[in-house]
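The structure appears below as structure tokens.
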Amino acid sequence: MFTCMKCIFCLKEWSPTKEHVFPLAIGGCLVTDRVCKPCNDMLGHRVDVGLSDNFLIRLRRAQL
């Protein structure tokens with residue numbers, strides 16, 4: 001069964017993918033399926049990497 005949805009970022013009709021609202025690398029467990037694969041990939045490349053590589057985040061991860 002093929003399900004389409006409108007991506008919350010680009011507003012185009014796509015098949016849904018799972019997107020962690022907060023990156024999994026920093027413990028994010030909240031997931032949405034309202035993001036298309038191209039936007040999800042872009043967010044993972046531009047946003048998640050920058051957030052996960054933040055000094056304070058890396059320090060806290062090392063403590064845990």
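The values are calculated or read from the model by the stated rules, or taken from the named source; none is laboratory data. Because the structure is a prediction, the values reported are computed rather than measured. Neighbour counts run over all protein chains shown; Cβ positions are idealised from the backbone, glycine included. Accessible surface is based on the protein model in full, side chains and every heavy atom, while ligands, DNA and RNA are left aside. Shrake-Rupley method; radii C 1.70, N 1.55, O 1.52, S 1.80 Å.
Collect the residues in the stretch 16-39 that are modelled with pLDDT of 85 or more and not hydrophobic (A, V, I, L, M, F, W, C), keeping them in residue-number order.
Answer for the stretch 16-39, where residues must be modelled with pLDDT of 85 or more and not hydrophobic (A, V, I, L, M, F, W, C): 32, 33, 34, 37, 38.
Considering only residues that are part of a helix (DSSP H, G or I) and not hydrophobic (A, V, I, L, M, F, W, C), look in the stretch 48-57 and name the one that is nearest to the chain's Cα centre (by Cα).
48
Write out, first by first residue and then by second, each pair whose Cβ atoms fall under 7 Å of each other, whose residues are 6+ apart or on separate chains, and whose first residue, in the stretch 3-26, is closer than 14 Å to residue 40 by Cβ while the second is open to solvent by less than 60 Å² (accessible area, probe 1.4 Å) and of a type in the set (Val, Ile, Thr).
If the second residue must be open to solvent by less than 60 Å² (accessible area, probe 1.4 Å) and of a type in the set (Val, Ile, Thr), the pairs left are 7/35; 8/35; 9/35; 17/35; 19/32; 19/35; 21/32.
Residue-by-condition table, conditions (1) open to solvent by 70 Å² or more (accessible area, probe 1.4 Å); (2) within 13 Å of the chain's Cα centre (by Cα):
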residue: 10; (1), (2): no, no
residue: 34; (1), (2): yes, yes
residue: 43; (1), (2): no, yes
residue: 46; (1), (2): yes, yes
residue: 59; (1), (2): yes, no
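Name the residues in the stretch 12-32 that are open to solvent by less than 70 Å² (accessible area, probe 1.4 Å) and either in a helix (DSSP H, G or I) or aromatic (Phe, Trp, Tyr) (or both), would you?
Answer for the stretch 12-32, where residues must be open to solvent by less than 70 Å² (accessible area, probe 1.4 Å) and either in a helix (DSSP H, G or I) or aromatic (Phe, Trp, Tyr) (or both): 25, 26.
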